[in-house]
Structures are given as C-alpha cells and as structure tokens.
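Asker: The following block contains the structure, expressed as structure tokens.
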Amino acid sequence: MKLSVKIIAGAIAIIVITIFSITGIASPKQSGIKRTDLQRHDLSAPGREMIQALVELAPGAAFGMHKHPGEEIIYVTEGALEYDVEGKGVVKLKAGDVLFVPAGTYHSARNNGQVSGAELATYVVEKGKPLIEFKK
Ligand code: MN
C-alpha cells in the first residue's frame, strides 16, 4: 500500500472511531435509545465545553455503566428513569426530577416503565476527550 493510502485509511479509521465513541453507536448496550444532540459550546472555563442532548429510552431500554470527562446534569422530561450511580446507589426519577453526576463517576440508566422515558442531559466536559466511556 502506498504511504498516502495508509495515511488516508488511518485518518478515516480515526474519524470513524471518534464518531462511534461520541455517539456511542458502536455499543450494543444502547438498543431502544435515541440521542439527539441539541447544542455544543465552548465555555469560559479553559479547555471545557458544554454539550446538551435529549436522550430517549424506550420501555425496557438500558444504557450501560459509563462515565464522562466532566459533570453530567440530568433533567427527566418524560416518563420515569432509574439511575445506578457508583457510590450513591439506585436513584429513581420521574418527569421533572433532576440528578447531578460528578465528573468521572460511573453510572447507568434504565427505563423500567411501560411508557417512553426521556432526559435532557447537559455535560460540562473536557474538550477533545470522548464524551462517553463505557466501563470495561
Ligand atoms: Mn451519562
């Protein structure tokens, strides 16, 4: 293979991996989950950005144990969701409830209800790092 082809192939691989890690579409842990990115902005704090997304969980859907390179601020907009937060235990929320997940804290989310659930997730995170890192 020519060097230029290798460089292009490498660049494409990096882009694909980055997209997968940001969106989480590589993970099999997310069936029944829809993420809609709403906004993303640099913050006044150096090296930090905010990302806001609407995460919808169908009945029975679960999002596996993961962490973020910063804080996650959750507001449940619809239905009821159950969170398992490392060091805190299981937290049950319904529409209108909020949850603060400290930086680097592993947590999971699940919709144990019979109706759709959704959360507005706001992240205050380090720029240039994958937003979601699943627990191995
Ligand atoms: Mn999270």
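Asker: Tell me, yes or no, whether segment 78-85 has at least one residue that is among the hydroxyl-bearing types (Ser, Thr, Tyr), in contact (Cβ under 8 Å) with a residue 12 or more places away in the chain and more than 15 Å from the ligand (Cβ to nearest atom).
Answerer: Looking through segment 78-85, none of the residues is among the hydroxyl-bearing types (Ser, Thr, Tyr), in contact (Cβ under 8 Å) with a residue 12 or more places away in the chain and more than 15 Å from the ligand (Cβ to nearest atom).
Asker: Check segment 126-133 and report whether any residue there is touching a Pro at 6+ places or on another chain (Cβ under 8 Å), of a type outside the set (D, E, K, R) and surrounded by 15 or more Cβ atoms within 10 Å (Cβ to Cβ). Explain how you work it out, then say what you get.
Answerer: To start, the set of residues in segment 126-133 that are touching a Pro at 6+ places or on another chain (Cβ under 8 Å) comprises 126, 129-131, 133.
Then drop every residue that is not of a type outside the set (D, E, K, R), which leaves 130-131.
Filter once more, so that each one left must be surrounded by 15 or more Cβ atoms within 10 Å (Cβ to Cβ): 130-131.
Checking segment 126-133: at least one residue is touching a Pro at 6+ places or on another chain (Cβ under 8 Å), of a type outside the set (D, E, K, R) and surrounded by 15 or more Cβ atoms within 10 Å (Cβ to Cβ).
Asker: What about GLY87, is it closer than 22 Å to LYS136 by Cβ and more than 12 Å from the chain's Cα centre (by Cα)?
Answerer: yes
Asker: On the basis of being assigned to a strand (DSSP E or B) and surrounded by fewer than 19 Cβ atoms within 10 Å (Cβ to Cβ), does GLU72 make the cut?
Answerer: Details: assigned to a strand (DSSP E or B): yes; surrounded by fewer than 19 Cβ atoms within 10 Å (Cβ to Cβ): no.
It is false that GLU72 is assigned to a strand (DSSP E or B) and surrounded by fewer than 19 Cβ atoms within 10 Å (Cβ to Cβ).
Asker: Can you pull out the residues in segment 45-58 that are under 11 Å from SER31 (Cα atoms) and either assigned to a loop (DSSP other than H, G, I, E, B) or within 10 Å of the chain's Cα centre (by Cα) (or both)?
Answerer: Scanning segment 45-58 gives a single hit, ALA58.
Any read-out appearing in this document is the output of simple, stated calculations on the displayed coordinates, not a laboratory observation. Everything quoted here is computed from the prediction, not taken from an experiment. Methodologically, a virtual Cβ is constructed for each residue, glycine included, from the backbone with ideal geometry; neighbour enumeration extends over all protein chains shown.
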